[in-house]
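Below is one structure; the comments refer to it alone.
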Amino acid sequence: MRPLVLLLTSFLFCTAGFAQTKLTDSLRKKIATDQASGEKIKDIFALSGAAINPDTLMPYLAEADKIAVRSGDDSLTDMVTYIRGTYYIRRNMTDSALYFIESLLSKYKKEPSLKHKYLDVLFFKSKALDRGNQLSKAITTLVEVIQEAEVQKDTLLQIQAKTGIGWVLMEMEQYKDALQWLFKALRTSSNKTHYRNYGALYSNIANAYNALGKEDSAMYYINIAITDARENESLGFLATALSMQAKIFVDHHKPKLAESPLNEVLQIRKQLNDPYYTVYDMSSLASYYAHNNQPQKGI
């Protein structure tokens, strides 16, 4: 998988950066004061959806599991199963994640009253398949998500699933087909609120256009992504969009313009206290300097 693909993978998990970092801190404080009850499991469930390390998630998972077993409440047990699936995805143990995901799907599919839960878990399955590089299966699952979301009139999930298909097709380097799906996502609704703080869609469109050598279109959509991320204080989306902007500059022989966004990306990663991507972006910036006759800055 290419570096840029690694960088954009988080979009399927809708990481929102600074806003989510504040949410994570708030949830961890709340969990620490929660009583050992369903409320604590719900907060751990919310925390598992944030961008946290699996080693950090594991103690919370163990605590939630004990509470659910003592309660005998099926809905809490299901929530813990979902958290466990999240943990295994983050461990890159896709088969284990899918085992728990499938157990929920088989249960929810039988109950008409749980159709909304079935849809959410089905979308979760598509993420696991993508993370496990089972790309054809991921697309098949996302198509099923779209069909079910249309029945349930879930517009937002339709947009996310179509974006997901576009993303997977980009991983397969089928950029023209990817653009078709990304524009299907963009045209799903005329309600602009569905697209606010959703930099994944615009950045992915820019990425596909750039791969096709269409600089003007790529720059147009990456600027939308950057503006949207700034307006919504979504630093994670902003960092990725700026990285994409720098790549567009470099790919179209304007390397001097790439320095500013790359430097801003590095500062954002430090602000987010994200060691993995801080190191990644330091490496990217060093590589940039190495290829632009500024070796001392790179060193």
For labels at T227 and E144 in the simple 7 Å Cα→Cβ model, what's the distance in nm? 4.0
Using the C-alpha atoms of the chain, what convex hull volume per residue, in cubic angstrom, is computed? 131
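Over all pairs of distinct alpha carbons, what does the Kirkwood formula give as the hydrodynamic radius of the range 192-260, in Å?
For the range 192-260, inverting the mean 1/r across all distinct Cα pairs yields 11.7 Å.
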I'm checking a number: the convex hull volume of the Cα atoms of the range 107-163, normalised per residue, in Å³. What is it? 71
Provide the per-residue ³J(HN,Hα) series for the range 43-48, in order, calculated from phi with Karplus coefficients 6.51, -1.76, 1.60 and θ = phi - 60°, each as a whole number of Hz, with x at glycine and proline positions. 6, 5, 4, 5, 5, 5
From the square roots a ≥ b ≥ c of the eigenvalues of the alpha-carbon gyration tensor of the range 44-88, which class results: rounded (a/c under 1.5), prolate (a/b over b/c), or oblate? prolate
So what are the radius of gyration and Dmax for the Cα set of the range 124-218, in Å? 12.9, 39
A student applying the Cα gyration tensor rule (rounded when a/c is under 1.5; otherwise prolate if a/b is larger than b/c, oblate if not) would label the range 54-147 oblate
With all protein chains modelled, accessible area of Y88 [1.4 Å, Å²]: 50
Work out from phi, with θ = phi - 60° and the Karplus expression 6.51 cos²θ - 1.76 cosθ + 1.60, the ³J(HN,Hα) of each residue of the range 205-216, listed in order in whole Hz, and give x for Gly and Pro. 4, 4, 4, 5, 4, 5, 5, 8, x, 9, 4, 4
I'm a student and want to see the number: the projected area of the Cα convex hull of the range 159-213, averaged over all directions, in nm². 3.2
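Given +1 on the Cβ of Lys and Arg, -1 on the Cβ of Asp and Glu, and no further charges, what dipole in debye does the chain carry about its Cα centre, rounded to the nearest 20?
Dipole magnitude for the chain comes out near 100 debye.
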If N is the residue count of the range 167-299, its Cα Rg over 2.2 N^0.38 Å rounds to 1.09
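The values are calculated or read from the model by the stated rules, or taken from the named source; none is laboratory data. Because the structure is predicted, anything quoted here is derived from the model rather than measured. Here the Cβ is made from the backbone with ideal geometry for all residues, glycine too, and neighbour counts use every protein chain on show. The area values use the complete protein model at the heavy-atom level, side chains included, leaving out ligands, DNA and RNA. Shrake-Rupley method; radii C 1.70, N 1.55, O 1.52, S 1.80 Å.
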